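**Q** Please find one structure pasted underneath; my questions will follow.
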């Protein structure tokens, strides 16, 4: 099942894949991270493994190709991932098997878009609507998962920020207490030195006062000049004769 070429910038009311202007058959899907509007034919051709191309039965759950029940119920296309019920094919099924879109290059689920909706077209349209609804539900679940993960990451980031602020506050308090302790230690050291100096000065004053009170005033004696005493006990020494 080869998907049709895509258009880069679809106009309003056009299919975002084939640019068809069938407004009543446009479906809103979320594909590859983009919100797109596709016609019924493109929805079916872009999701070949979601339905049976013969009866247009929508597969609610993904099918396991390796299971034994799958081999007894479905046959897969050799060119795409399309799955067809064995009951919808003639017995035995052709080998190799090609789904209708792959077997016909000009195949279209709506060959005449102006024709009224009959039962077959209504079934095809319902299948495309189920595929679109499943795509939107899947994108919604992914978006919810991303939002929940973002909320958890935001809560964790908030907790880390709060812990960082608490740590900064504690460090700031420690710095302040350290500076205050250093200032107080320096002040106490300075005050201790002044106290010791005052004690020394007061002790010196007390010593001086004590010395003055116990000894009284210092008596000064005038030194008298006495002549030297000779051996004979005569205090009058002979003066040397002056030379005329």
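The values are calculated or read from the model by the stated rules, or taken from the named source; none is laboratory data. Values in this document were obtained by computation on a predicted structure and should not be read as measured data. Here Cβ is always computed from backbone atoms with ideal geometry, including for glycine, and neighbour counts include all displayed protein chains.
**Q** Of all residues being assigned to a loop (DSSP other than H, G, I, E, B) and without any contact (Cβ under 8 Å) to a residue 12 or more places away in the chain in the stretch 72-103, which is surrounded by the most Cβ atoms within 10 Å (Cβ to Cβ)? Just the residue, please.
**A** Out of the qualifying residues, it is 94.
**Q** State whether the residues of the stretch 118-129 include one that is surrounded by fewer than 16 Cβ atoms within 10 Å (Cβ to Cβ), in a loop (DSSP other than H, G, I, E, B) and modelled with pLDDT under 90.
**A** Yes; the residues of the stretch 118-129 include at least one that is surrounded by fewer than 16 Cβ atoms within 10 Å (Cβ to Cβ), in a loop (DSSP other than H, G, I, E, B) and modelled with pLDDT under 90.
**Q** Could you tell me whether the stretch 121-137 includes any residue that is over 29 Å from residue 75 (Cα atoms) and without any contact (Cβ under 8 Å) to a residue 24 or more places away in the chain?
**A** no
**Q** Could you look through the stretch 19-33, keep only residues that are over 34 Å from the mean Cα position of the chain (by Cα) and modelled with pLDDT under 80, and pick out the one that is nearest to residue 127 (Cα to Cα)?
**A** 25
**Q** State the number of residues belonging to the stretch 68-87 that are farther than 26 Å from residue 18 by Cβ and at pLDDT 75 or above.
**A** Of all residues in the stretch 68-87, those farther than 26 Å from residue 18 by Cβ come to 68-75, 85-87.
Subset that is at pLDDT 75 or above: 73-75, 85-87.
Summing the residues that are farther than 26 Å from residue 18 by Cβ and at pLDDT 75 or above in the stretch 68-87 gives 6.
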